[in-house]
Amino acid sequence: MAELQLREAIRAAMVEEMDRDEDIFLMGEEVAEYNGAYKVSEGMRDRYGDRRVIDTPISENGFAGLGLGAAMNGLRPIIEFMTWNFAFVAMDQLVNNAAKIRYMSGGQFSFPIVFRGPNGAAGQLAATHNTSVEALYSCFPGLKVISISNPDDAKGLLKSAIRDDDPVIFLESEFMYGMRGEVSDAEDYTIPIGKARIAKEGDAVTVIGHNKSYWRAMEAAEMLEADGYAAEVIDPRTIRPFDWDTVIASIRKTNRCVIVDESNPFASVASEVAFQIQARAFDDLDAPISRVTAKDTPAPYAKNLIEYYLPSAEDVYRACREVMYLD
Amino acid sequence: MPIAIDMPKMTDTMEEGVLVEWAVEEGDNIAAGDVIAQVETDKATMDVEAYDDGVLLKKVAQAGDSLPIGGLIAILGNEGEDISGLLAEHGTNGTVAAAPPEEPVSVEPKPIPVETAPSGDALPAAGLPTNGRTKASPLARKMASDHGLPLVNLIGSGPGGRIIKRDVQAQIGRAPAPAAAPAPTYVPSDRSVDSVRISQMRKVIARRLAESKYTSPHFYLTADVDVAALITQRTMLNDYLAKSGGPKVSFNDFVTKACASALVQHPDVNVTYAPDDGVILRYNYVDIGVAVAIEDGLVTPVIRDAQQKTVATIAQEIQALAVRARDKKLTPEEMEGSTFTTSNLGMFGIESFTAIINPPNACILAIGGIRDTPVVENGAVVAGKRMKLTLSCDHRVVDGAVGAQFMATVKELLESPLSLLLQT
């Protein structure tokens with residue numbers, strides 16, 4: 001096991017795959033000469049040259065479409081968005097082309113492409129730079145959506161995403177690029193898309209969280225541990241396709257659930273997960289499903305307000321105690 | 001805009017407060033910091049102070065009322081201000097009736113606030129009106145149903161009295177709450193009542209036997225039969241049958257055969273009283289119902305024309321019918337139309353008992369067990385074998401002498417068992 005930063009794990013996945021397959025290339029703003037806005041692609045231009053690590057103008061709609069055209073013609077692009085907030089101008093490429101052309105062409109064209117970059121809140125960056133997009137992209141059939149919480153999952157799942165023949169939305173986090181964690185050094189390490197990870201076993205309450213929210217879930221689980229309760233923490237890792245089996249099996253054990261999701265609450269991933277749980281495990285529920293999300297406002301700028309806006313471990317802890325009927 | 005004054009959380013463990021006494025009157029001018037009322041909590045009686053200036057528009061709670069935290073105590077505002085909107089937001093018990101819309105929320109449903117919450121933000125679920133429904137979580141509902149526990153017998157410890165998993169578990173005496181859980185407010189007992197749906201068979205048994213006992217005036221005749229000879233005879237017969245591969249014959253089979261023969265001799269016992277038709281039905285055949293206990297009830301398969309059958313044939317038929325009865329494979333025809341019935345509880349050590357007549361029969365014979373008993377023979381007390389038979393008679397159609405004569409014949413036949421073998 002090697003200890004890597006999240007950015008190093010993502011880079012390792014790309015490098016291993018690009019060494020293996022010459023059709024893979026990386027394209028995005030500042031990925032080449034500047035070594036990446038968050039240094040994820042550091043050294044990759046030196047290794048592969050300008051032909052395979054390509055700087056683009058500030059034109060997300062253009063280079064997203066360029067990537068899709070390349071994918072349609074047999075290459076396997078990795079498109080980096082400096083942040084997913086910037087990808088809104090490329091929505092037509094992602095939503096109408098990436099998600100739908102395989103369906104509309106009767107399977108004649110597929111898109112072996114990965115769109116990746118940091119997602120969600122990143123501190124005092126104000127409303128337009130703090131958006132969580134997982135619910136948005138998950139609602140379009142045809143896109144796979146992965147959101148990772150640690151270096152090991154980042155490496156294993158990004159390699160699977162690059163090898164997948166369909167478009168994958170791969171969500172990272174500015175806050176977590178420097179996070180260190182053990183990464184399997186198994187040769188050709190991959191993690192299957194669509195498999196959740198039970199991070200901590202327990203029987204008192206099921207807490208579901210992805211990306212940064214996973215860590216809020218784990219912190220709340222520690223607080224519950226101090227109260228004498230074992231929470232089961234599940235990191236879905238893949239938002240779509242979602243691993244319902246793992247979640248439902250857990251609900252059958254704990255009879256209650258708190259979903260942590262830093263998206264705005266309306267029609268969020270938490271909304272869909274809660275719907276599916278009540279539909280699939282109604283008779284196993286002992287309490288209403290609860291969720292902890294960002295507040296239902298644009299993200300504020302002020303430090304105290306952005307902290308209040310985002311789900312906190314304390315919020316998760318209180319929601320857990322409530323569904324356990326302890327308060 | 002009128003301002004709600006809610007029941008404050010005055011101690012860490014407080015869940016509700018009792019308004020003991022008002023310190024102000026409606027129409028009074030109130031300044032922030034004024035004491036408006038005394039509230040009794042779980043710990044002490046404390047003063048409630050106003051946080052705002054204004055006129056006390058309405059005392060919503062009355063002295064003696066108990067309110068949950070967040071429950072509406074009073075309304076403050078400007079003279080003459082409309083408070084109907086604020087009142088409508090609250091239920092009749094002074095608690096918030098519905099969530100105020102458009103309030104950004106992060107945790108759903110809202111937790112009961114631990115710290116002082118801004119007014120209108122706190123929605124204690126415990127205060128929601130129940131509309132008379134028994135509220136239970138889906139899991140609790142399913143568990144209660146699986147264990148046959150009526151929900152109305154359970155006390156809910158969840159918000160608003162919701163019955164939850166731990167309440168059902170406590171009732172069925174299963175796994176207790178986690179060790180570290182705080183003591184539940186409801187202390188359950190181990191007592192429980194299962195409610196088992198009445199089976200169709202049970203309904204039929206109940207209806208027919210109640211009808212019989214209510215409409216037929218029963219009287220009982222008990223005979224003590226000397227079965228010493230019968231025992232010898234049966235042993236010999238079974239030895240013989242064993243060699244020929246036939247089924248064994250029981251004492252019950254002999255009694256059944258004796259009844260069949262006696263009924264031929266006493267046709268006034270082999271009858272049905274049918275007052276609606278103005279007749280008594282007297283049968284020229286003997287169809288004997290034999291009561292068989294099965295898993296959740298009792299059935300009476302019928303031996304047709306028992307008067308024409310040998311003891312061995314009767315034995316064979318009863319065994320076959322009993323097996324089919326226990327397997328619940330009897331057809332309705334096999335259980336209908338008896339003219340007389342026997343019931344045997346001797347195998348349970350019952351010496352004698354009285355049976356309820358099986359309609360439309362006029363009589364039923366209750367067969368007790370064979371017992372060793374001292375008897376007087378030729379002036380000396382010796383060891384004897386006896387069996388008590390008790391005939392229940394419907395006095396509307398069978399009088400005492402008729403029943404007694406029938407019993408005398410049954411006794412005579414069983415005490416001279418060769419005669420039973422002679423008869424077909």
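Hey, does segment A:172-179 have a residue that's in contact with a helix residue (DSSP H, G or I) (Cβ under 6 Å, 6 or more places away or on another chain), at pLDDT 95 or above and in the same structural domain as A:Glu314 (by TED's automatic domain parsing)? No; the residues of segment A:172-179 include none that is in contact with a helix residue (DSSP H, G or I) (Cβ under 6 Å, 6 or more places away or on another chain), at pLDDT 95 or above and in the same structural domain as A:Glu314 (by TED's automatic domain parsing).
Among the residues of this structure, A:Ile101 does not count as one that is modelled with pLDDT of 95 or more, buried (at least 23 other Cβ atoms within 10 Å of the Cβ) and of a type in the set (A, V, I, L, M). Selection within segment A:280-295: residues that are within 7 Å of chain B (Cβ to nearest Cβ) and either in contact with a Cys (Cβ under 8 Å, 6 or more places away or on another chain) or more than 26 Å from A:Val133 (Cβ to Cβ) (or both). The member of this set that is surrounded by the fewest Cβ atoms within 10 Å (Cβ to Cβ) is A:Phe282.
With respect to A:Leu136, is the statement that it is out of contact with any helix residue (DSSP H, G or I) (no Cβ under 8 Å at 6 or more places or on another chain) and at pLDDT below 95 true? Steps first, please.
On the way: out of contact with any helix residue (DSSP H, G or I) (no Cβ under 8 Å at 6 or more places or on another chain): yes; at pLDDT below 95: no.
So A:Leu136 fails the test.
Taken over segment B:9-36, residues that are in a loop (DSSP other than H, G, I, E, B), within 47 Å of the chain's Cα centre (by Cα) and surrounded by 12 or more Cβ atoms within 10 Å (Cβ to Cβ) amount to 4.
Taking residues in segment B:26-45 that are without any contact (Cβ under 8 Å) to a residue 60 or more places away in the chain, and partners anywhere that are of a type in the set (Ser, Thr, Tyr) and assigned to a loop (DSSP other than H, G, I, E, B), the pairs with Cβ atoms closer than 7 Å and at least 6 places apart or on different chains are B:Ala32/B:Tyr51; B:Thr41/B:Thr11; B:Asp42/B:Thr11; B:Asp42/B:Thr13; B:Lys43/B:Thr11.
Hey, among the residues in segment A:296-313 that are of a type outside the set (Val, Ile, Thr) and facing chain B (nearest Cβ under 10 Å), which one's surrounded by the most Cβ atoms within 10 Å (Cβ to Cβ)? Lay out the reasoning, then the answer.
Step one: of segment A:296-313, the residues of a type outside the set (Val, Ile, Thr) are A:296, A:298-305, A:307-313.
With the extra rule that they be facing chain B (nearest Cβ under 10 Å), the set shrinks to A:296, A:308-312.
On the way: A:Asp296: 15, A:Tyr308: 13, A:Tyr309: 22, A:Leu310: 22, A:Pro311: 28, A:Ser312: 17.
Out of the qualifying residues, it is A:Pro311.
Is it the case that some residue within segment A:223-240 is away from every other protein chain (no Cβ under 12 Å) and part of a helix (DSSP H, G or I)? Yes: segment A:223-240 contains one or more residues that are away from every other protein chain (no Cβ under 12 Å) and part of a helix (DSSP H, G or I).
Within the set A:Gly36, A:Gly43, the sole residue that is surrounded by 15 or more Cβ atoms within 10 Å (Cβ to Cβ) and in the same structural domain as A:Thr128 (by TED's automatic domain parsing) turns out to be A:Gly36. Scanning segment B:389-418 for residues being farther than 18 Å from B:Asn361 by Cβ and of a type in the set (Asp, Glu) gives a total of 2. Among residues of segment B:148-161 being in contact (Cβ under 8 Å) with a residue 24 or more places away in the chain, assigned to a loop (DSSP other than H, G, I, E, B) and within 14 Å of another protein chain (Cβ to nearest Cβ), the one that is farthest from A:Asp327 (Cα to Cα) is B:Ile155.
For segment B:206-216, the criterion of a residue being farther than 30 Å from B:Ile356 by Cβ and touching a strand residue (DSSP E or B) at 6+ places or on another chain (Cβ under 7 Å) is satisfied by no position.
Sort through B:Asp327, B:Asp399 and tell me the only one that's assigned by TED's automatic domain parsing to the domain that holds B:Tyr220, under 29 Å from the mean Cα position of the chain (by Cα) and farther than 20 Å from B:Lys257 by Cβ.
Details: B:Asp399 fails: under 29 Å from the mean Cα position of the chain (by Cα).
One residue alone meets the criteria, B:Asp327.
Of all residues in segment B:67-103, those satisfying the criterion of being of a type outside the set (Asp, Glu), more than 28 Å from B:Thr11 (Cα to Cα), modelled with pLDDT under 85 and in a loop (DSSP other than H, G, I, E, B) are B:Gly80, B:Pro101.
The values are calculated or read from the model by the stated rules, or taken from the named source; none is laboratory data. Just so we're clear, the structure is a prediction, and the values are computed from it rather than from any experiment. Backbone-built Cβ (ideal geometry, glycine too); neighbour counts: all protein chains shown.
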